[in-house]
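K.L.:
Attaching a single structure in structure tokens format; questions to follow.
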């Protein structure tokens, strides 16, 4: 989990270029992977989105309220920007597509799955069948699966980003895994 100290955030609020550069370098890969996982877009489009997103953060950082979690605020700005971008650009959401461009994220994310789920997937199902099952899930379930198993975020981190309780995140993830199992077995 990325932690930003209060001093670091204060420097960002003062538009310290060195702090912003560090913030960019520490976060760009996370946001890039999120875009590639959730949306069928080229690397160039993802980079364009990220350029505009970081410009938005730079210009609007003063809106951040210090009594809130900074990382959760950044994720909220990011997700809102994506929504605005896709509304304006009419780009197709990943959830509407049939295949991911690459299997790399999948293999990396499997390392963190529970043993019984991993065995179930390894022994009985092809990559295509798993992807097809994931695509059938609602976005809120895909999102927690991505954050937990691909980004390897803790329940606390996910709950901060999604502004909901740990219990709610655990229930959502449990339901998502149950739905996946049901879809894979049927």
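K.L.:
Among 25-34, 147-156, how do they line up from the highest to the lowest mean number of other beta-carbon atoms within 10 Å?
P.N.:
Numbers: 25-34: 15.1, 147-156: 17.8.
Those peptides, ordered most packed to least, come out 147-156, 25-34.
K.L.:
Does the range 6-94 classify as rounded, prolate or oblate by the C-alpha gyration tensor (a ≥ b ≥ c root eigenvalues; a/c under 1.5 gives rounded; else a/b over b/c gives prolate, otherwise oblate)?
P.N.:
Details: a/c = 2.22, a/b = 1.84, b/c = 1.21.
It comes out prolate by the Cα gyration axes.
Computed from the coordinates by the stated procedures, all read-outs in this text should not be read as laboratory data. On a predicted model such as this, the values are computed, not experimentally measured, just so you know. Here Cβ is always computed from backbone atoms with ideal geometry, including for glycine, and neighbour counts include all displayed protein chains.
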